[in-house]
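Everything below concerns the one structure shown next.
FYI, it's all coordinate maths here, none of it is from the lab. Nothing here was measured: the structure is a model prediction, and the numbers come from that model. Note that we place each Cβ from the backbone using ideal geometry, even for glycine, and neighbour counts take in every protein chain shown.
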Amino acid sequence: MKTDMDLQFLQYCNNEDLRALCDILVYDNKGELRLSESLSISDSYLSCYPDNMKGMWRDLAAELQCYGGNTLMNLFRHGHGPKYESIVYDVCQKMGVENVGKHDTAEDMEQKLLIAVSSKAMEEMTEEQIRAVMEECGVKGYDYTRTGLLAALLTLRLVNKRVFAYVIEAILKMLMEILMVRGIIRAGLGLLSRGVGVLCGPVGWIILTGWTLWDIMGPAYRVTIPAVIQVAYMRMKYQEKLNRNEEAA
Amino acid sequence: MMKYQDIAHPEDRKALQVLQKVPLLDEGCRNIMEYGYERIFRGENLATMVKANAGSMPVVYQLMEATAQKVGVPTPEVYVYNDPVMNAFTYGETNTFICISSSCIEKMNDEELMCLMAHECGHILCHHVLYNSVIAVIREWGERIGVIPWSLSSPLTLALQYWCRRSEYSADRCAAATMGEKVFQRMMLKLTSGLADIGDDPYQLVRQAKEYHLHENATLWDKIQQNCRMAFYSHPQMVNRAYEIDRWKVSYAYKKLRQSLI
């Protein structure tokens, strides 16, 4: 793996989240092996998947980097992909996330991406569901509407990261339920031989099984978009845990 | 009972995914096999080999039954043919059979013989024979009849030959999962050496594989030479087969399968 400070945190993530990331990189949304993946034949995959995912975090990062780069260009980089920062930037551009600059940090770009994903998800939610999310997360002082929730998200991202994390997580879970009811998420997740691994990360769960709200399955981005959203979600959880530890100390 | 996904080598699985998407390929090959080759070969087997059953070579037959049950495929017919070279092969999609050379029966113990049978059952489980017949048809039409131009048929054949080598890894995984990797390594050593007595160390091929990899990767020229040699093989080198199973034995899939089959 090419040293990438933005992906070092993966070594501290939990097994289930890393497994979800791995599944996104290895399997497509039909549960079939991706033709261009190279993880599943690696020594680390054989020895670490699915119970010791921390043991292969470097390989996950390297694979993600490779997906983010042009195959020919990767050859000139001695088989390595570009830096994660530029992958997130490309993903944000592809998904039309506004106000993302090339010199923003990866974390900043990821948060904007999560907000964009969430606001898109909100369009799918009813007023009652929005109210439920806001009440559950203790968001006060905003209207119980889509606009209110979006405004709360934008503010809380800067003011209260823990609540921001809860809100994002709640929205993604809610979206997952909506998609399931509509049959957009296939019930046959068990078809994947590793089974429940895919069910673990909520974002990975949604995306791996068929995200229909966006055209994220285009040829160049069908891996990096879900993978970056999963990494963004994992970083958000990691940061939140760090903040909690700091407060406790 | 095993599932194809549990044992399939990733590259074999990817190739099968692609092949399965070709319209009518499955159905066409299955029909050609059922009404053509399967019947021809069965007739040939019955005419030139000894069929194992409850009365003739009952041990071989019982071992076959036990192996097929473990793998979870219908018991194929078993034939023994006279050959000093240790080998076995399978054919058929609808009516399957396995042919084993006499030297395998003589030189292998029951466990190793079951391992060999499990390898062939692995091919049946993964439907390799079905897609292998595509290679045969392309080669036949290309090389011999000349319907497909050589410039087109040869790259296709080479690509399918590459998949064919990967499919052997899946069958090897099936054998190792059914009988354990140690038995598999013993069987491989016997197949490679042709000897009945291989001593107490079954991992010689694994060590040799590491030595081979050092040789193969020593220079770019070595790499090209070795890969060009291998491009025309239908099976991977014996040392690589041993090495792949040695890598796979640490995997979750192997451990889970072994637990369920013991």
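Computed values, structure above
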{"quantity": "Exposure proxy ranking, count of Cβ atoms within 10 Å, fewest first, for B:His9, A:His103", "calculated": "A:His103, B:His9"}
{"quantity": "Residue-averaged beta-carbon neighbours from other chains (10 angstrom radius) around A:49-58", "calculated": "1"}
{"quantity": "20 Å binning of all Cα-Cα separations within the protein assembly as shown, expressed as whole percents from 0 upward", "calculated": "20, 46, 27, 8, 0"}
{"quantity": "Residues of type lysines that A:Lys241 reaches as a straight line, Cα spacing below 22 Å, ignoring anything fewer than 8 places off in the same chain", "calculated": "A:Lys54, A:Lys112, A:Lys161, A:Lys173"}
{"quantity": "Residue exposure sequence - B:Ser102, B:Ser234 - by fewest surrounding Cβ within 10 Å", "calculated": "B:Ser234, B:Ser102"}
{"quantity": "Gained length - B:Ala47 relative to B:Ser193, 0.36 nm times residue gap less alpha-carbon distance", "calculated": "49.5 nm"}
{"quantity": "Spacing of the two label points (7 Å from each Cα toward its C-beta) at B:Glu111 and A:Asn70, in nm", "calculated": "5.6"}
{"quantity": "Integer Hz, Karplus 6.51/-1.76/1.60 couplings in order for the range A:226-241, x for Gly and Pro", "calculated": "x, 5, 5, 5, 5, 4, 4, 5, 5, 5, 4, 5, 5, 5, 5, 5"}
{"quantity": "Segment B:Arg247-B:Trp141, extension gain: residue separation times 0.36 nm, minus the distance between their alpha carbons", "calculated": "34.3 nm"}
{"quantity": "Peptide B:238-249 - average C-beta neighbours from other chains (10 Å radius)", "calculated": "1"}
{"quantity": "Efficiency of FRET from Cβ geometry, B:Leu152 and A:Glu136, R₀ 51 Å, rounded to 0.05", "calculated": "0.25"}
{"quantity": "Partner chain coverage, peptide B:12-19 - average Cβ within 10 angstrom", "calculated": "3"}
{"quantity": "Helix-only CD estimate at 222 nm, as mean residue ellipticity for chain B, using -39500 (n - 2.57) per DSSP H run (n ≥ 4)", "calculated": "-20500 deg cm²/dmol"}
{"quantity": "Percent RCO, i.e. relative contact order, over chain B, from Cα pairs under 8 Å lying at least 6 residues apart", "calculated": "20"}
{"quantity": "Gained length - A:Glu98 relative to A:His78, 0.36 nm times residue gap less alpha-carbon distance", "calculated": "3.9 nm"}
{"quantity": "For chain B, built as a Gaussian network whose Cα springs stay under 10 Å, the top-fluctuating residue of B:Val18, B:Val239, B:Val137", "calculated": "B:Val18"}
{"quantity": "Likely footprinting exposure, B:Phe89, B:Phe184, B:Phe97, A:Phe164, fewest C-beta neighbours within 10 Å first", "calculated": "B:Phe89, B:Phe97, A:Phe164, B:Phe184"}
{"quantity": "In nm, spacing of pseudo-spin labels at B:Cys228 and A:Arg244 (7 Å Cα→C-beta vector)", "calculated": "6.1"}
{"quantity": "Whole-percent pair-distance distribution, where bins are 5 Å wide, for the alpha carbons of chain B", "calculated": "1, 6, 12, 16, 19, 18, 14, 9, 4, 1, 0, 0"}
{"quantity": "Estimated FRET transfer efficiency when R0 is 22 angstrom, pair B:Thr94-B:Ala66 (beta carbons, to 0.05)", "calculated": "0.45"}
{"quantity": "Spin-label pair B:Arg258/A:Ser86, simplified geometry with 7 Å Cα→Cβ offset, distance in nm", "calculated": "4.4"}
{"quantity": "Residue-wise HN-Hα coupling along the range A:98-103, computed from phi with Karplus coefficients 6.51, -1.76, 1.60 (Hz; x: Gly, Pro)", "calculated": "7, 6, 10, x, 4, 9"}
